[in-house]
Amino acid sequence: MKTKALVAIAASLVFCAGMLLPVFGQELKAIQLPEPKLNENKSLAQALKDRKTTRAYALDNLSEQTLSNLLWAAFGINRPDSGRRTAPSAKNWQEIEVYVATTTGMYLYDPKGNALVPIVAGDIRSLTYTQATFKDAPIHLVYVADLEKMGEDEEGSKLVLAGMDTGFVAENVYLYCACEGLNTGFRVTIDKEKLAQALHLRPTQRIMAAQSIGLPKSK
Ligand SMILES: Cc1cc2nc3c(=O)[nH]c(=O)nc-3n(C[C@H](O)[C@H](O)[C@H](O)COP(=O)(O)O)c2cc1C
């Protein structure tokens, strides 16, 4: 009887925890993205004219094609022979990892496989912002610098370079969104400790910034 009661209590605790906490691990499937296909008719001149920060979004999800295009523009491989990327990085360290928060879970962008690798199941988008105005965006990118990929410099120098490298990736996203009529907003207002914990980051992986993407909110 006692054992039965203990099992029931344990089961209800797991159930409650499951409801409240994101399930870390395997319940989330990897997503193979379609080949990126960017609209080549949009000019850089127009994208530069239209680039802007927006902090309100429609709730609509983006298609996997749009997500593929967006991530490739952000930090995809544009020279397959050498594995180099759409954004530059100091000493080609390529230390910026792009995490992708969606309504179903948090993924890591794998540029080689053109895929989303599952990290945390469940909608944890709210951990990527502290400004509520970003809440409706279906996609939030989180830029994480892996300092282990940056050689032997002191941490302060690595963080300065990682900040610059983050800016290049984010600007690619701004320009892609300007071309496609999508809203986007970059930010550093993040509870980094909470988010790092949820993502199970190593101490050498540092959250640099986040950026929301979504369709414009209709007036
Ligand atoms: C390094 C950096 C940090 C930023 N952090 C935030 C932020 O935490 N929250 C926010 O709402 N916007 C943030 N922004 C967006 C700026 O406020 C925005 O770029 C600026 O107001 C100019 O507007 P524009 O991008 O439309 O030209 C940040 C921009 C940069 C470059």
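The values are calculated or read from the model by the stated rules, or taken from the named source; none is laboratory data. All values reported here derive from a predicted model rather than from experimental measurement. Please note: Cβ atoms are built from the backbone with ideal geometry, for glycine as well, and neighbour counts cover all protein chains shown.
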Exactly one of T189, T184 is assigned to a loop (DSSP other than H, G, I, E, B) and at pLDDT 95 or above, and that one is T189
How many residues of region 74-84 are surrounded by fewer than 22 Cβ atoms within 10 Å (Cβ to Cβ) and closer than 15 Å to K149 by Cβ? The answer is 2
Restricting region 129-148 to residues that are surrounded by fewer than 17 Cβ atoms within 10 Å (Cβ to Cβ) and not hydroxyl-bearing (S, T, Y), the one nearest to A90 (Cα to Cα) turns out to be E148
Of the listed residues (G185, G181), the one being among the small types (G, A, S), in contact with an Asp or Glu (Cβ under 9 Å, 6 or more places away or on another chain) and closer than 24 Å to T66 by Cα is G181
Selection from region 39-86 of residues charged (D, E, K, R), more than 21 Å from A115 (Cα to Cα), away from the ligand (no atom under 16 Å from the Cβ) and modelled with pLDDT of 95 or more yields D60
When region 32-73 is checked residue by residue, the ones that are exposed (fewer than 12 other Cβ atoms within 10 Å of the Cβ), over 19 Å from L141 (Cβ atoms) and not polar (S, T, N, Q) are E35, K37, E40, L44, A45, L48, K49
Apart from one, (1) within 22 Å of Y176 (Cα to Cα); (2) surrounded by fewer than 17 Cβ atoms within 10 Å (Cβ to Cβ) all hold for V98; the odd one out is (2)
Taking region 13-38 and the residues there that are of a type in the set (A, V, I, L, M, F, W, C) and at pLDDT 95 or above, the one that is nearest to T184 (Cα to Cα) would be L33
Flagged in region 168-219 as under 16 Å from A56 (Cβ atoms) and without any contact (Cβ under 8 Å) to a residue 24 or more places away in the chain, in numbering order, are K219
